[in-house]
């Protein structure tokens, strides 16, 4: 026991319960899924070959990537604007803004999806209002297409985009901007050449975080896409729960996982991961 | 920076965006008050019949109860394991413990659909599908990273000298933990417990995979209602959920404000 404690810090004893649980009940089956992607239904790379052969599969992957990129662009741009306004106003106003942001962050995803369903449907509130004031004659199709999925996803992702940006903007030394102004730069120049580059780490972290979260998003695309917009997550669930085919689903999961881990690694170069999530938890 | 025209314009834009984030959810309130039998906006007349149905329907009540049991158990288990682990990582604080911390945060960031696959895969042979134990274990693994984050944040401001002082005065490891460390990280532990509760209470993707008939949580029932898209009881349930969120938020704000005050010099 003495020799044992000399080599291993006693702190590990209280780390162990959670560690063992995550390894056995989480890491284990994930590795099993990666293994399945090259062994089910037969050993080899046949599952990965499907990615090159099947047009349907390519379309699903492409739809997912495209929607995620558009969602990320909108969420991060709008999030930047919110974070910028929050950092540059009085404490009191900032607190109100933070409250709104966190309340939206906390409202259940199901409640929000349900609300969009009520708002965006053919007879929904948005179409109804537009028709009543005579702006449109025919209802606009907001749902069962990519537009609806994008609205729902951007709405969900904005708070996630804001939080890392806020952390990054708050830690800036404002004297640098003052110096730039004193040296004769206009406020536009100061923003583009000093402020934006200095917030780049936050911008990268926020972009990758939103992109990662969008990749595996299930609820909103499934409901607002109404079966017309098939993304990877929904495809996986159909494969497992309806057609019971693990091979293809495992292959898609393996690719998604590799992508996510690669992005996390890049993200960790720019920002301490716990700060990103720590911001999210507050 | 001086507040130029751009800044002012941007601030207005930010307020519009923030309202855009919060207001859509409020549409559940009028829809839940419709007197009709199908999902619609009420015209003139209001009725509470869908709330009455929500609180008398055996199905909805059992879902509330089941979600409550699962979320409370998850919160307790995740808080216990997460707090111990956070203290352990803080005590060790080496290269390996930082790696371990990154590893333990993974369930929070790995796409939920992959987590759902993983639990589904393992729960079949373990016979945990469609059981309380299965859901609580899965939710605990997803929620523990939350606790790890909040408790670690509290520990970062804890003065390690206090721990040494306690040990020098003859306290055992256990006494030090109970009487010195735990009281000073209490805010982090409570925040972690609350986040773990909300995560479990709201969880749908993993739940869809690993529950079927016996365990039918509130998100699961709402999911069904949303897919069927006819019964206004869903709207009433949504209003109740919004109310619960707001209450939890107020409790959380009051708690963190109190902590800020007691921590301020």
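FYI, it's all coordinate maths here, none of it is from the lab. Every value quoted in this text rests on a predicted model; they were computed, and no experiment measured them. So basically every Cβ, Gly included, is an ideal-geometry build from the backbone, and we count neighbours across all protein chains shown.
Assorted remarks:
- Where the Cα pairs of the range A:89-245 fall when distances are cut into 5 Å bins, in %: 1, 8, 12, 13, 14, 13, 11, 10, 8, 5, 3, 1, 0, 0
- Peptide A:90-99 - average C-beta neighbours from other chains (10 Å radius): 2
- Separation of alpha-carbon centers, the range B:6-24 and the range A:153-174, rounded to whole Å: 14
- Take each residue of peptide A:262-268, count the partner chain Cβ atoms within 10 Å of its Cβ, and average: the result is 1.
- Average Cα contact separation per residue, chain B, under 8 Å, 6 or more apart, as relative contact order %: 30
- Its residue count N fixes a reference of 2.2 N^0.38 Å for chain A, and the Cα radius of gyration divided by that reference is 1.24.
- The largest-to-smallest principal axis extents of the Cα set in the range B:66-217 are 56, 31, 23 Å.
- For q = 0.13, 0.26, 0.28 Å⁻¹, Debye-computed log10 I/I(0) when each Cα of the range B:74-141 counts as one equal scatterer: -0.46, -1.12, -1.17
- Cα gyration tensor of the protein assembly as shown - equivalent ellipsoid semi-axes, whole Å, descending: 36, 32, 26
- Over the protein assembly as shown: helical MRE at 222 nm, DSSP H runs n ≥ 4 each giving -39500 (n - 2.57), nearest 500: -24000 deg cm²/dmol
- Size-normalised alpha-carbon gyration radius of the range B:129-238, reference 2.2 N^0.38 Å: 1.54
- Inter-label distance, nm, simple model (7 Å from Cα along the C-beta direction), residue B:224/residue B:247: 2.4
- Euclidean distance between Cα centres, the range B:41-92 to the range A:67-144, Å: 25
- The length gained by stretching the chain between residue B:133 and residue B:157 to full extension, at 0.36 nm per residue less their Cα-Cα distance, is 5.1 nm.
- As a proxy for reagent exposure, B:97, A:186 were ordered by neighbouring Cβ count within 10 angstrom, fewest first; the result is A:186, B:97.
- Highest-MSF residue in chain B out of B:226, B:254, B:210 [GNM, Cα springs under 10 Å]: B:254
- Per residue Cα convex hull volume in Å³ - calculated over chain B: 205
- As a proxy for reagent exposure, B:203, B:98, A:234 were ordered by neighbouring Cβ count within 10 angstrom, fewest first; the result is B:98, A:234, B:203.
- If R0 is 25 Å, the Cβ-Cβ spacing of residue B:7 and residue A:98 corresponds to a FRET efficiency of close to 0.85.
- The distance separating the Cα centre of the range B:121-160 from that of the range A:213-264 comes to 23 Å.
- Separation of the residue B:59 and residue A:131 label points, Cα + 7 Å toward Cβ, nm: 2.9
- Distance in nm between pseudo-label sites at residue A:189 and residue B:20 (7 Å out along the Cβ direction from Cα): 3.3
- Relative exposure of A:89, A:68, B:85, judged by other C-beta atoms within 10 Å (fewest first): A:89, A:68, B:85
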